[in-house]
1. Where the convex hull is taken over the Cα atoms of the chain, what is its projected area averaged over directions, in nm²?
2. Determine the relative contact order of the chain: mean sequence separation of Cα pairs under 8 Å and six or more apart, normalised by residue count, in whole percent.
3. Considering lysine pairs in the chain that are 8 or more places apart or on different chains, how many have Cα atoms under 13 Å apart?
4. Dipole size in debye (nearest 20) for the chain around its Cα centre, Lys and Arg Cβ +1, Asp and Glu Cβ -1?
5. Given the DSSP H assignment, sum -39500 (n - 2.57) over each helix run of at least 4 residues in the chain and divide by its residue total; what's the result at 222 nm in deg cm²/dmol, nearest 500?
6. Roll a 1.4 Å probe over the protein chains and send me the accessible area per residue for the stretch 1-99 in Å².
7. How much of the DSSP beta bridge set in the chain is antiparallel, as a percent to the nearest 5?
8. Take the chain, connect every pair of alpha-carbon atoms lying under 10 Å apart with a spring to form a Gaussian network, then pick out the residue of Ile267, Ile158, Ile69 with the largest mean-square fluctuation.
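The values are calculated or read from the model by the stated rules, or taken from the named source; none is laboratory data. What you see is a predicted model; the values in this text were computed from it and never measured. Glycine gets a Cβ as well: all are built from the backbone with ideal geometry, and neighbour counts include every protein chain shown. The area values use the complete protein model at the heavy-atom level, side chains included, leaving out ligands, DNA and RNA. Shrake-Rupley method; radii C 1.70, N 1.55, O 1.52, S 1.80 Å.
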Amino acid sequence: MGRAVNLVVSCSNRKRYETAPGLAASELDGSDMRKRLRTWKERLRTAQAKEYPAENLYMGEHWSVARNIPQDAKDSGWNVRLWICSAGYGLIQPGTRIKPYQAAFSSNAKDYVARGSVSHAAIQSWWTGACSYVFPREANFPRSLSALAQAFPRTPLIVALSADYLNAVSDDLLGVLECNFFKQYLSIISCGTRGEHHPWSDNLLPCDGRLSASLGVTLTSLNARVARFLFGFEADAEPSIHHMAALLSSIEVRTKAPVTRAQQTDIEVVRFIQARLKKTPLASKTRLLEEFRAAGKACEQKRFGELYVQLRQEAQPELYG
């Protein structure tokens, strides 16, 4: 089954389908949060729109990385359960059926949920309200981070969110930390966030925007890619905050902008994989792809994975027969 971990990521502002009528936060009137929330949840319930699994509704670079982490992590012995922080619906699962909407926790966004308010408490109250929305059919899953911790009290939790989303769920995280287990097994990935004055500051992994150069990625998907990087290591130890911080420290931080990647032929990709597997036979395809791209080389993820599997099958046919 693999070593179990719950991973929470943010939703995506980009949606595959047109926003349902009335389900854009910019259309809400007034600045009274209670009234805005009541209106929002009523519209979620009554809007005449088709529902889609969340994993099929979201799109964009961040989501393309995040949604594949559970499958990629299996190679390293992890059993990752993926959860989504939705500014419109609260905590949901990839398979949760939702209506196309637009809502955001960034004050610069058109559909900022706390428009007209400058209080941090405003988006925290919105998050609490969104988590209280009752789905017509799907109700048998935790609807907040604290509820997730209660449902899985001995399963490590990793939260990979931007500063805006982290601020929104800040009070919810206090509920998580009421359980002593999560003081050691809650890890927060939020590149660039400073947490000195927050109760969860001891759980914040040391990472910032410079890692985008080290990993050869954009800032847009950095938090998700850091999570993917961590799950590229073999699941040979409990993922405590100290263990995850140690793994993260293995990334060489570069201050220069990432170089443009050079497209590689299949032969060049195969030679790279063969050399790495000879040195580290159990290295996962996710970890090798991160190293490959960090070296300034380019290969589409699916193609790299196919070549990796092919080489592993040739090297260990008894395991793939």
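1. Values: hull surface 69.9 nm².
Directional mean of the projected Cα hull area for the chain stands at 17.5 nm².
2. Values: 526 pairs, mean separation 57.6, N = 321.
The normalised contact order for the chain reaches 18 percent.
3. Values: Lys15/Lys99; Lys41/Lys99; Lys50/Lys99; Lys74/Lys285; Lys285/Lys302.
Lysine pairs satisfying the spacing and distance rule in the chain number 5.
4. Computed about the Cα centre, the dipole is about 520 debye.
5. Here the helix-only value at 222 nm equals -11000 deg cm²/dmol.
6. I get 44 Å² per residue for this part.
7. For the chain, the DSSP antiparallel bridge percentage is about 20.
8. Looking only at Ile267, Ile158, Ile69, the largest GNM fluctuation is found for Ile267.
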